[in-house]
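Written out below as structure tokens is the structure these notes cover.
What follows draws every value from the coordinates through simple rules; no lab data is involved. Computed from a prediction, not measured in an experiment: that's the story for all the values here. Ideal geometry is used to build each Cβ from the backbone, glycine not excepted, and the neighbour counts take in all protein chains shown.
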Amino acid sequence: MSIFLDQQELSDLTGYYKKSKQAEWLSRRGWNFELSRLGKVKVLRRYAEMKLGMPADTTINKSTEPDFSSLT
């Protein structure tokens, strides 16, 4: 599975198959996206999941304190 939504997924999301209409739909709704060199709309899969309400992955340990428990 790609890190980007594929053409079918973008079409399902936006309701448009034409690239320019997909970009317009995303822009109007405040979505971040990029255009490839060939003009294809690129939306990160994780970003789309986050925008659609899927909770962010919180399994990453964000502690900045050292773990001294293994020293004893």
Taking r as the C-beta separation of residue 25 and residue 67 and R0 as 35 Å, the FRET efficiency to the nearest 0.05 is 0.15
What is the gain in length, in nm to one decimal, between residue 16 and residue 32 on full extension, counting 0.36 nm per residue of separation less the C-alpha to C-alpha distance? 4.0 nm
Just to confirm the number: angle between the C-alpha axis of helix 19-28 and the first principal axis of the chain, 0 to 90 degrees, nearest 10? 60
Please return the longest range in the chain lying between exposed loop sites, taking chymotrypsin sites (Phe, Trp or Tyr not before Pro), DSSP loop only, at most 12 other beta-carbon atoms within 10 Å, and leaving the sites out. 18-67
Restricted to Cα positions, what overall size does the chain have along the principal axes? Three whole-Å values, descending. 62, 25, 20
